[in-house]
Amino acid sequence: MTVEYEKTQPLVKEKQIGDQQGAGDLLEKSYLVAMTGPHAGTVFTLQQGEMVAGRTPETDIFLQDHQVSRKHAQFTVLHGETQINDLGSTNGTFVNGKKLSEEVSLSDGDEVQIGATNFRFSIHNPIDGNKLGLNNHGYFETRLQEELDRAARYNRNLSVLMIGPSLDPAEVQKHSALLSQEYPQVVQYLQNIIRTMDLLAHFGKYELELILPETDKTSAIQLAERISNESQFNKDITLSVGIANFPEDGSTADLIIERSRKALKQARASKGSSPVVQHEEEPRRIMLTGQKEIIVRSEKMKELFDVIERISKSNITVLVQGETGVGKEVVAEATHSRSNRSDKPLVCINCAAITETLLESELFGHEKGAFTGADQRKIGLFETAQGGTIFLDEIGEMPLKTQAKLLRVLQEKTIMRIGSNKEISIDVRVVAATNRKLEEQVAQNLFREDLFYRLNAATLTIPPLRERKEEIPYLSKMFVKTCCEENGFHQKTLSPEAMDLLMNFSWPGNIRELKNTIERSVIISEGDTIFKESLSSKLTSEDSMPAMASFADMGSAPGVEGNDTTVVGDMKEVIAAYERDLIINALKKVNWNQTKAADLLNVPRRTLVSKIKKYDIAKD
């Protein structure tokens, strides 16, 4: 079933200036689209001749804004060219951020600021459905952010295509007449092949932008290749396409647009050898000790490592928080490797893996005869780490008695071996980590409050993998490469379908779980490609659907007569029947629109489609 969305036109108003002209006279008109400011959403049509913008009603372009002069700026449209000149205004007129000192010609997509309003200059009417039927960029940005929020809420994909002629900026002006003539045909072609749920808009300089909801990377590339192959301005001027995807390339409209623009620029630079370019931002690489390297891709992790850069040079105690498997030890190693102590030891210990007596001995050492079995002196980890860093993992599991001794170490910078009365001065930086909420443990008297405040001098919180899915492709490829090298295999690659499964899984075990999944798939897969069938069954199984909408919105639960009714029988059959009826109720409520039903049930559409096939559900 094809998903159908009602096509929504931008909610803007148009102000006509001058006499109306024929529909074919495209070069004799231009447009000012108010993007931000008091007149946002208004489109002013600039027609042949001179028009004055100002604060008085007598002007051609009336702007009710106290920052605008009575006669502020003049536009001149002549022979398909539009020029702008400041008329000695108090606050000035700006084009692309530069204050005007003389008359200049405007190019499609230029930004014009008059008073508090920012305009985008366009040679094509962004709201005239009788000609091109294109949305404007302001509406595009608003819709894109709405679709991104929806994609994040329902764990779905989204792609943006930026489409334009395969020409350098200097060549665009040279072929301006031809591009203007052919542009409507290119727009018409795209409008004919896209879905109703997609959104096409005019960006500037004969460029178009396209939102593709619920479209993964593979499908976006296929559509982009079709556009590049089937549509062109003429035999010598083809189309280039830049692609950006959610969630890999960001979660905000600004980032997605910026990265699709960058991909389009790369496609043009390829001179036709690669007319379609998927955005691939060069990841940030962080060197650790021992020639190890980690790759940082997501914005959240970039921000985290910016903080690490700032605090690593100091001696401040660091507390690392995060779920199990997020990479707390890697952060500790990064903190050490960026510090002035990087040439000294980094010593790590898991406080949860050792009993209380042995933990004290490991940390502080002991003298010969200090306790049964202490047949010789032992140097503790604090002494071993002298001048360097000690990493105390799972510090929330440390016994209270040991916590008291650790607090003294942090305060006095000395230790005392078990069985000794001699204090030893130490110079060691402490980095501690926990997956527990220490504030709650303090409230329950399971963790010392004074130690918590000592450790909490600088806190680094690592986001879970589900909040930085941009990392998954890079981590997956790295784990595949490492596993192949360790096992003597030829290098393998993940299929697009396998990567989609990895991207859409929630990863409760975070990076550790991802690594284990990848290693298993490398071992059991045959050939050089890892297909989705080689991944863990929990990634491919769709038997567990997320929590669904309450029946308060859809009527009573199927097969349930009241709150006291208990359904008894084969559990799988009961659940299947319950689930089937639940889906049918949802579909009926929204007139069998699968997308709306998926929203109502709070599940991804692809999961709902799979269930419909599984239960052989058909519209009555």
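Structure values in brief
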quantity	calculated
Unsatisfied cross-links (Cα-Cα over 22 Å) in the set Lys300/Lys477; Lys481/Lys515; Lys378/Lys401; Lys217/Lys469; Lys300/Lys596; Lys538/Lys589	Lys300/Lys596; Lys538/Lys589
Local net charge near Cys348, Cβ-Cβ under 9 Å (Lys/Arg +1, Asp/Glu -1)	-3
Sparse-neighbourhood loop sites, trypsin sites (Lys or Arg not before Pro) in region 291-362 - DSSP loop, at most 16 other Cβ within 10 angstrom	Lys292, Lys313
Surface per residue (accessible, 1.4 Å probe) for region 576-620, Å²	50 Å²
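The values are calculated or read from the model by the stated rules, or taken from the named source; none is laboratory data. Because the structure is a prediction, the values reported are computed rather than measured. FYI the Cβ positions are ideal-geometry reconstructions off the backbone, even for glycines, and counts take in every protein chain you see. Side chains are part of the model used for accessible areas, which takes the heavy atoms of the whole protein and leaves out ligands, DNA and RNA. Shrake-Rupley method; radii C 1.70, N 1.55, O 1.52, S 1.80 Å.
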